[in-house]
Number of protein chains: 2
Amino acid sequence: MPPGEFELIDKYFARPARRAVLGIGDDCALIAPTSGMQLAISSDMLIEGRHFLSTVPPDALGHKALAVNLSDLAACGARPLAYTLALAMPAVDETFLAAFSLGLHALADEHDIELVGGDTTAGPLAICITVVGEVEAGRALRRDGARAGDELWVSHPVDGGLGDARLALEAFRDRVRLSGDGLARVRRVMERPNPRVALGRALVGVATSAIDLSDGLAGDAGHVLARSRVGATLQAAALPRSSLLAEQDTALQQLCLLHGGDDYELLFTAPAGRDAAVRQAAVEAGVAVSCIGRIDARPGLRVVGADGAAREIAARGFDHFAAQGSGV
Amino acid sequence: MPPGEFELIDKYFARPARRAVLGIGDDCALIAPTSGMQLAISSDMLIEGRHFLSTVPPDALGHKALAVNLSDLAACGARPLAYTLALAMPAVDETFLAAFSLGLHALADEHDIELVGGDTTAGPLAICITVVGEVEAGRALRRDGARAGDELWVSHPVDGGLGDARLALEAFRDRVRLSGDGLARVRRVMERPNPRVALGRALVGVATSAIDLSDGLAGDAGHVLARSRVGATLQAAALPRSSLLAEQDTALQQLCLLHGGDDYELLFTAPAGRDAAVRQAAVEAGVAVSCIGRIDARPGLRVVGADGAAREIAARGFDHFAAQGSGV
């Protein structure tokens, strides 16, 4: 007889609670938050064919499912505490589960957090993770704190930039051809994002607002601008890009940089003159940061191109329904 | 153009934060827990065709999706604080969303909690809710606290008992015929469970262990017995049942009472001699409770029938994979 729901949870997901008061195996998990801290909570659902390709290796999927949630904590400047997982899968596939849980636990260990609640069920492959973190009361990084005159910054890999995940997707869709080495590199960026948790923590008290880049720079910037009731002007030349992306044609570069999605970098604002503090935070976190523009009182998102002219662009992100094509 | 993901969240799910520091619309929600309290967290995923029938009215589905999660908080004795929702649906269906969110918000208002984070996406209908509550440090009701000699109790409606949700399911499957009135009554029990949050709170300091009945009495009792390393003897005649269930044949009654599932009542233990305190908690919570047996040092679950003989029964609950039939 194949293992049932409870055996699966035990076998692949339950590990002894270390930090939690009570982990998997009861009706609820129990966590003791630090006095004086506020809780930050975020949930994301990942669906096969929409958020990930069926070709993604299961360990990378486990990594990414947790990474995109940790990225939300990073954007708030919160320290991760624990997470829960609800997993639907068509049938018990132990090869999948073994690899998936490996990727999940490895990233969790990196951030010293643990899985405190699990729910597995039969159904179309869907992964729902909820992360809980804590941040000093009143000091969370929010989307509504950007002020005219602030500088706009973005994090990125020391040897890379934005848009590589989108470049990988374009390659998988056969819209661009990459060398084997290049494809492997951008595929890794797409499948194994590094949530910028350490940077988020270091930016508490430095940044005035922050968001994580999940739906593309233009769209995510739009959320900050709308919530903060300001506008922004970006310098196209300042957008950090990998050497591989820099080799592509201008239209593809622009697509990947501005509308890429799946970057999981932090877009944040800081008062002009706080450059040194921002750069110090980045050094502490071991990540690169680039100043890509400034916040304006005038609404709208503008990009200054090579010709020095500013063009308005739509601050729209990836829409999971609109992207579905006709019928919705 | 149909509304997109962000418009949907705004229209149906976002409401101004009242208790939360920061509600829907940022990377994370922010909650300020009460000093000295521990956090209780639980996640559940509901999949169409597995956890609910496609015929369920959307407002009842909204109610139930939150109710089953609140029931987990109840079983820990926790006070609900907030919840997040991740929702996948095949296409934007505003009729569904309007009714679904109505059912959700109505139950949330009843418990004075709010939706603090939302994620909507296209995909097969799936609902993932995570609830967060708080409970006095070190006083949460757990599954591992039952001791030999404790009495075993179960909550139930003042005019009902266990198993009516399963009776409704059997009627929907045409395995039993109920009168129109009777069908409406048990259908309501199945579709609109009342999470026993007030009872859970009142049992803190009274009950030695607790679990909520989601997979059937025998299976859920089994979890408590396993975690507490004890056994139990139930009195079949003491199992509370509605007048409608009492009219059914013995085999069906036993199926519904012991292996029903979807009861969302609390099964809990309390020291013998604490009857008055248990009954007082039930009165405060406005719910009925019945003493249905006792905890034994000897492992296993036994049921004493009408003939006075004790039979061992398998302490197995509903398994979402095993129930899928062949292929897994």
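Among the residues in the stretch B:180-190, are any crowded, with 19+ Cβ neighbours inside 10 Å, farther than 25 Å from residue B:100 by Cβ, touching a residue at least 24 places away in the same chain (Cβ under 8 Å) and of a type outside the set (S, T, N, Q)? Within the stretch B:180-190 (the criterion being crowded, with 19+ Cβ neighbours inside 10 Å, farther than 25 Å from residue B:100 by Cβ, touching a residue at least 24 places away in the same chain (Cβ under 8 Å) and of a type outside the set (S, T, N, Q)), the answer is yes, since at least one residue qualifies.
Taken over the stretch A:191-219, the residue count meeting the criterion of being surrounded by fewer than 24 Cβ atoms within 10 Å (Cβ to Cβ), part of a helix (DSSP H, G or I) and touching a Lys or Arg at 6+ places or on another chain (Cβ under 9 Å) is 4.
Does residue A:119 qualify as being in a strand (DSSP E or B) and more than 30 Å from residue A:142 (Cα to Cα)? So residue A:119 passes the test.
Look at (1) within 8 Å of another protein chain (Cβ to nearest Cβ); (2) farther than 24 Å from residue A:48 by Cβ and you find that residue B:88 fails only one, number (2).
Residues of the stretch B:123-171 that are closer than 30 Å to residue B:47 by Cα and of a type in the set (Gly, Ala, Ser): B:123, B:126, B:133, B:140, B:155, B:160, B:161, B:163, B:165, B:168, B:171.
For the stretch B:119-139, the count of residues that are within 14 Å of another protein chain (Cβ to nearest Cβ) and of a type in the set (Lys, Arg) is nonzero.
Each row is one residue, and each column tells you yes or no for (1) among the hydroxyl-bearing types (Ser, Thr, Tyr); (2) closer than 27 Å to residue B:154 by Cα; (3) in contact (Cβ under 8 Å) with a residue 24 or more places away in the chain.
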position	(1), (2), (3)
B:28	no, no, yes
B:32	no, no, no
B:44	no, yes, yes
B:48	no, no, yes
B:71	yes, yes, yes
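When the criteria are applied in full, residue B:82 fails the requirement of being farther than 23 Å from residue A:121 by Cβ, out of contact with any Lys or Arg (no Cβ under 8 Å at 6 or more places or on another chain), touching a residue at least 12 places away in the same chain (Cβ under 8 Å) and not in a loop (DSSP other than H, G, I, E, B).
Does the stretch B:235-253 include one or more residues that are in a strand (DSSP E or B), touching a residue at least 12 places away in the same chain (Cβ under 8 Å) and among the hydrophobic types (A, V, I, L, M, F, W, C)? For the stretch B:235-253, residues in a strand (DSSP E or B), touching a residue at least 12 places away in the same chain (Cβ under 8 Å) and among the hydrophobic types (A, V, I, L, M, F, W, C): absent.
Given (1) farther than 18 Å from residue A:123 by Cβ; (2) at pLDDT below 90; (3) acidic (Asp, Glu), identify the lone condition not met by residue A:59. Condition (2) is where residue A:59 drops out.
I need the full set of residues from the stretch A:141-180 which are basic (Lys, Arg), within 19 Å of residue A:255 (Cα to Cα) and part of a loop (DSSP other than H, G, I, E, B), in order please. The answer is A:173, A:175, A:177.
Given B:267, B:245, B:257, B:239, which one is closer than 21 Å to residue B:175 by Cβ, touching an Asp or Glu at 6+ places or on another chain (Cβ under 8 Å) and at pLDDT 95 or above?
Numbers: B:267 fails: closer than 21 Å to residue B:175 by Cβ; B:257 fails: touching an Asp or Glu at 6+ places or on another chain (Cβ under 8 Å); B:239 fails: touching an Asp or Glu at 6+ places or on another chain (Cβ under 8 Å).
Of the residues listed, the single one that is closer than 21 Å to residue B:175 by Cβ, touching an Asp or Glu at 6+ places or on another chain (Cβ under 8 Å) and at pLDDT 95 or above is B:245.
For the stretch B:117-124, check the following and say yes or no: at least one residue is modelled with pLDDT under 90 and among the aliphatic types (A, V, I, L, M). There is at least one residue in the stretch B:117-124 that is modelled with pLDDT under 90 and among the aliphatic types (A, V, I, L, M).
The lone criterion from (1) in contact with an Asp or Glu (Cβ under 8 Å, 6 or more places away or on another chain); (2) more than 8 Å from chain B (Cβ to nearest Cβ) left unmet by residue A:173 is number (1). Take the conditions (1) assigned to a strand (DSSP E or B); (2) closer than 30 Å to residue B:35 by Cβ; residue B:75 misses just one of them, which is (1).
Out of B:293, B:325, B:273, report the one residue that is of a type outside the set (A, V, I, L, M, F, W, C) and either at pLDDT 95 or above or closer than 25 Å to residue B:73 by Cβ (or both). Before the answer, list the steps.
Working: B:325 fails: either at pLDDT 95 or above or closer than 25 Å to residue B:73 by Cβ (or both); B:273 fails: either at pLDDT 95 or above or closer than 25 Å to residue B:73 by Cβ (or both).
Every option except B:293 fails the conditions.
The values are calculated or read from the model by the stated rules, or taken from the named source; none is laboratory data. Small disclaimer: the values here were computed from a predicted structure and weren't measured. All Cβ positions, glycine included, derive from the backbone under ideal geometry; neighbour counts span all protein chains shown.
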